[in-house]
Structures are given as structure tokens and as C-alpha cells.
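J.: Take this structure first; my questions come after.
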Amino acid sequence: MKDNHAVSKRLQKELMELMRCADKGISAFPESENLFKWIGTINGPQDTVYAGHKYKLSLEFPNSYPYAPPVVKFLTPCFHPNVDTCGLICLDILKDKWTALYDVRTVLLSIQSLLGEPNTQSPLNQQASYLWPNQAAYKKYLDEFYNKHKDS
């Protein structure tokens with residue numbers, strides 16, 4: 001049980017840090033009484049095709065956190081080369097490049113940054129990857145997709 005207590009303390013500390021910093025365009029809070037399940041929000045970065053969009057994500061922390069990464073998924077459907085239709089995200093720091101030095105803030109800022117700078121070399125979404133080079137067409141499709149799905 002000691003492990004859970006250490007993880008809970010770490011998550012409470014991160015929550016206080018997030019509230020104090022109130023980083024522009026990101027936020028996250030526990031979903032309920034369960035400190036191991038959070039809901040995060042990310043605003044699309046300015047000067048990208050995602051500007052003006054707001055995305056909800058779920059974050060689930062394993063008992064081995066911070067030595068293992070949280071499982072992060074988009075709850076708001078997100079059309080993006082590195083996000084699949086289930087909301088799973090292909091991001092190295094959520095997989096093999098994870099380190100215990102990362103925290104919720106780092107994760108959310110990295111995902112926010114990924115929105116504007118996808119890795120089109122290893123896409124989860126072929127259609128988004130194919131459209132990405134033509135930013136005008138991408139933006140048009142993205143806005144239609146977002147407006148159709150944002151409340152689901």
C-alpha cells in the first residue's frame with residue numbers, strides 16, 4: 001500500500017503545481033475522488049491549424065507512476081497524423097522515452113506541441129498524414145471534423 005501512497009503524494013503535488021502555474025492552454029484535474037484518473041484539456045496551439053480548438057483527454061496513472069508513463073487518450077476525437085480513431089497517441093515520451101522526471105504538465109505540453117508538429121514518418125492516421133502537407137485543405141477538413149465531433 002505504501003507505493004500507492006507515494007504515487008498519490010506525487011500526483012497531489014503535480015496537481016498543486018498545475019494549479020499554481022496555470023500554463024496557457026493546458027489544465028488537468030482528477031476525474032473524481034480517484035487521484036489515478038484525471039481529465040486534461042489542451043487548447044490547440046496558436047499559429048497552427050489547431051488554434052481555436054479545445055480537446056479533452058483522459059490520463060490514467062499506473063501504480064508504478066512516475067517510473068511508468070500515464071495512459072493518455074484523446075476523449076474529444078482528434079484528427080491528427082499521430083492520433084488514431086480511438087484517441088490513442090503516438091508520442092515517444094509516453095512510450096520508450098519516458099522518464100520519472102516528466103510530469104502531467106510536461107505530458108500535456110508535449111501533446112499540445114505535437115498538434116502543431118506531427119511526426120508524419122510514423123503516422124497512426126494515414127489520411128491525416130497524407131493531408132498534412134497541404135495546410136489549407138488540412139485545416140478545412142480538420143475544422144469540419146472538429147465541429148462535427150467536439151461535443152461527442
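J.: With charges only on Cβ, +1 for K and R and -1 for D and E, what is the dipole size of region 1-135 about its Cα centre, in debye, rounded to 20?
T.: The calculated dipole for region 1-135 is roughly 260 debye.
J.: Let me ask something additional. Could you tell me how many degrees, from 0 to 90 and to the nearest 10, lie between the Cα long axis of helix 2-21 and the main elongation axis, the longest principal axis, of the Cα atoms of the chain?
T.: Roughly 50 degrees, rounded to the nearest 10.
J.: Mind checking the angle between helix 135-149 and the chain's longest principal axis? C-alpha axes, 0 to 90 degrees, to the nearest 10.
T.: 60
J.: Please give every one of the aspartates and glutamates within straight-line cross-link reach of K140, meaning a C-alpha to C-alpha distance under 17 Å, and leave out same-chain neighbours fewer than 8 residues apart.
T.: D47
J.: While we're on this one: How large, in percent, is the carbon and sulfur part of the accessible surface of the chain at a probe radius of 1.4 Å?
T.: After summing per-atom areas, the C and S share lands at 53 percent.
J.: What accessible area per residue, rounded to a whole number of Å², is obtained for the chain using a probe radius of 1.4 Å?
T.: Value for the chain: 57 Å² per residue.
J.: Next up: Give the ranking of H149, H5, H53 by solvent-accessible surface, highest area first, calculated with a 1.4 Å probe.
T.: H5, H149, H53
J.: Enumerate the residues in region 46-75 having an amide nitrogen under 14 Å from the point lying 7 Å beyond the Cα of K9 toward its Cβ.
T.: Within reach of a label on K9, which here means backbone N under 14 Å from a point 7 Å along Cα→Cβ, region 46-75 contributes 66.
J.: For L75, which sequence-distant residues (separation of 5 or more, or a different chain) have an amide H within less than 5 Å of its own amide H, given hydrogens modelled in the peptide plane?
T.: K56, L57, S58
J.: Another question about this same structure. Helix 104-116 versus the longest principal axis of the chain: what angle, 0 to 90°, nearest 10, using Cα atoms?
T.: 10
J.: Okay, moving on. Hey, any idea what the orientation-averaged projected area of the convex hull of region 36-113's Cα atoms comes to, in nm²?
T.: For region 36-113, the mean projected area of the Cα convex hull comes to 5.0 nm².
The values are calculated or read from the model by the stated rules, or taken from the named source; none is laboratory data. Keep in mind that this is a model prediction, so the values were computed, not measured. Every residue, glycine among them, receives a Cβ derived from its backbone with ideal geometry; neighbour counts consider all protein chains shown. To get the accessible areas, we keep the full protein, side chains included, count just its heavy atoms, and leave off ligands, DNA and RNA. Shrake-Rupley method; radii C 1.70, N 1.55, O 1.52, S 1.80 Å.
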